[in-house]
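The values are calculated or read from the model by the stated rules, or taken from the named source; none is laboratory data. On a predicted model such as this, the values are computed, not experimentally measured, just so you know. A quick note on method: Cβ atoms are made from the backbone with ideal geometry, for glycine too, and the neighbour counts reach across all protein chains shown.
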Amino acid sequence: MRPNAVRRRLLAAAGMLTVPALRADPSAWNAMLAGGVALLLRHAATDPGLGDPPGYRLDDCSTQRNLSADGRVQAARLGQALRERGVRVDSVLSSRWCRCLDTARLAFPQQAVTPFDALNSFFDDRAAEPGRTRAALARISAIRAPANVV
């Protein structure tokens, strides 16, 4: 897929959870309403810190850095904003980190959230980045209007 087409589908990048920034860009709303878009989000606000505590486990949320109370509200507001604007959401993919799964579930409670390993962090293993990026771009390239994938 050509870079311009990927950019079109990759509508929003990390930090997009600030709904006021989204409100300010009518072209973003128009693209999502037309479909064929990947809405890429970073997890909502977390408890302070960088990365996860030593010894964290993906199967145990209590060992990870998780969403803060503000982050839980952010996620719910994002989903509400999309619903209010009539944006179609056909599938919701997430990394396996609890803060990401929780963001997705709070924003899109009516959708099943599917773990997608290409979205997993490579913070602890930079060598995983190229393969995960290729897999994510392949998934984005497969999106066809009117569907949207978050």
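Among the candidates PHE108, PHE122, PHE116, which residue alone is surrounded by fewer than 16 Cβ atoms within 10 Å (Cβ to Cβ), free of Cβ contacts under 8 Å to residues at least 60 places away in the same chain and not β-branched (Val, Ile, Thr)? First the steps, then the outcome.
Details: PHE108 fails: surrounded by fewer than 16 Cβ atoms within 10 Å (Cβ to Cβ); PHE116 fails: surrounded by fewer than 16 Cβ atoms within 10 Å (Cβ to Cβ).
Among PHE108, PHE122, PHE116, only PHE122 is surrounded by fewer than 16 Cβ atoms within 10 Å (Cβ to Cβ), free of Cβ contacts under 8 Å to residues at least 60 places away in the same chain and not β-branched (Val, Ile, Thr).
Scan (1) in contact (Cβ under 8 Å) with a residue 40 or more places away in the chain; (2) touching a Ser or Thr at 6+ places or on another chain (Cβ under 8 Å); (3) aliphatic (A, V, I, L, M); (4) part of a helix (DSSP H, G or I) for the single condition VAL92 breaks and write down its number.
(4)
Can you tell me which of ARG42, ARG65, ARG144 is modelled with pLDDT under 90, assigned to a loop (DSSP other than H, G, I, E, B), in contact with a Gly (Cβ under 9 Å, 6 or more places away or on another chain) and at negative phi?
Values: ARG65 fails: modelled with pLDDT under 90; ARG144 fails: modelled with pLDDT under 90.
The match here is ARG42.
Being in contact with a Phe, Trp or Tyr (Cβ under 8 Å, 6 or more places away or on another chain) and more than 19 Å from VAL92 (Cβ to Cβ) is the filter here; which residues of the stretch 29-51 pass it?
Kept after step one, since they are in contact with a Phe, Trp or Tyr (Cβ under 8 Å, 6 or more places away or on another chain), are these residues of the stretch 29-51: 43, 51.
Hit for the stretch 29-51 is GLY51, nothing else.
Taking only pairs six or more apart or across chains, which ones have beta-carbon atoms under 7 Å, a first residue in the stretch 35-49 that is touching a residue at least 24 places away in the same chain (Cβ under 8 Å) and more than 16 Å from LEU101 (Cβ to Cβ), and a second residue that is of a type in the set (D, E, K, R) and surrounded by fewer than 17 Cβ atoms within 10 Å (Cβ to Cβ)?
Taking only residues 6 or more apart or on different chains, the pairs are GLY35/ARG88; GLY36/ARG144.
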